[in-house]
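See structure below.
The values are calculated or read from the model by the stated rules, or taken from the named source; none is laboratory data. All values reported here derive from a predicted model rather than from experimental measurement. Cβ sites come from the backbone with ideal geometry, for glycine too, and all protein chains shown count toward neighbours. The accessibility values were calculated without ligands, DNA or RNA, using every heavy atom of the protein model including side chains. Shrake-Rupley method; radii C 1.70, N 1.55, O 1.52, S 1.80 Å.
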Amino acid sequence: MENRKDKVIDIILNKMYNININYRKKAFQNSMKQERAGGIMTEKIISMPTGFNQSEWSRKTNCYMYAINYQKDNKPRDVGELSGNLIKDYYTIDEIKERLFEDMKVLNIEIKKATYEEECLENEWKISLFYREEDGDFHFLREDYHNRWSHKTKGRKPSNKDYSNATIIDPRWANLMEYEFVEFYKLKCH
């Protein structure tokens, strides 16, 4: 009897998951139709991230530089390095957040906390911060298009897939190994 209940629950959960995925697919297709018809633009302008960047820069940079779209050079940089902070072996979550805001100030990029549901306006994009407490490491993802996220891992090209090879639609549910979701931020170029 218990086994049958588990199967019924699994069937119901799978149907709910598929309905959610189909809803997101339809919403994305509708936004692309609007864009082609002259409606709301979902692509970012040239100074913004424009999807997967397969250039030499994107292969050599790290997740942080990729997420904030810093293309001045190919050097991977730690959070806070652009604002003159020294690189550390271990960061707390609070240090990462503080250094992120300092770097954005130096780059003249507005930054504020955001939610997954918030829409981006012209010159804006969202990033998400992840943290691994055991070694004080961080990881960033960026939203390239509405509900389409990508990230950059060391030595690899940017990808829109997590470690389970699933397309990243909502970073909070992505398999990023030991990294835990912290929060979303919205960035705005001037």
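Of note:
- Among (1) in contact (Cβ under 8 Å) with a residue 24 or more places away in the chain; (2) over 19 Å from Thr61 (Cβ atoms); (3) touching a Lys or Arg at 6+ places or on another chain (Cβ under 7 Å), the one test that Asp170 misses: (3)
- Residue that is farthest from Asn160 (Cα to Cα), among those in region 63-98 that are open to solvent by less than 30 Å² (accessible area, probe 1.4 Å) and in a helix (DSSP H, G or I): Ile96
- Residues of region 111-137 classified as within 17 Å of the chain's Cα centre (by Cα) and either modelled with pLDDT of 95 or more or among the acidic types (Asp, Glu) (or both), total: 18
- Test set (1) of a type outside the set (Asp, Glu); (2) touching a Pro at 6+ places or on another chain (Cβ under 9 Å); (3) at pLDDT 95 or above - Asn175 fails condition number: (2)
- Pairs are defined by a Cβ separation below 9 Å, a sequence spacing of at least 6 or placement on different chains, a first member in region 105-129 that is within 13 Å of Ile68 (Cα to Cα) and polar (S, T, N, Q), and a second member that is surrounded by fewer than 18 Cβ atoms within 10 Å (Cβ to Cβ) and modelled with pLDDT under 90; the pairs so defined are Asn108/Cys189; Asn108/His190; Asn123/Ile45; Asn123/Ser47; Asn123/Cys189; Asn123/His190.
- Among the residues making up region 140-181, a single one is open to solvent by 20 Å² or more (accessible area, probe 1.4 Å), under 22 Å from Glu95 (Cβ atoms) and touching a helix residue (DSSP H, G or I) at 6+ places or on another chain (Cβ under 6 Å): Phe181.
- Inside region 155-190, residues that are among the basic types (Lys, Arg) and assigned to a strand (DSSP E or B) make up a count of 3.
- Positions within region 99-139 being of a type in the set (A, V, I, L, M) and either in contact with a Leu (Cβ under 9 Å, 6 or more places away or on another chain) or surrounded by 15 or more Cβ atoms within 10 Å (Cβ to Cβ) (or both), in sequence order: Leu100, Met104, Val106, Leu107, Ile109, Ile111, Ala114, Ile127, Leu129
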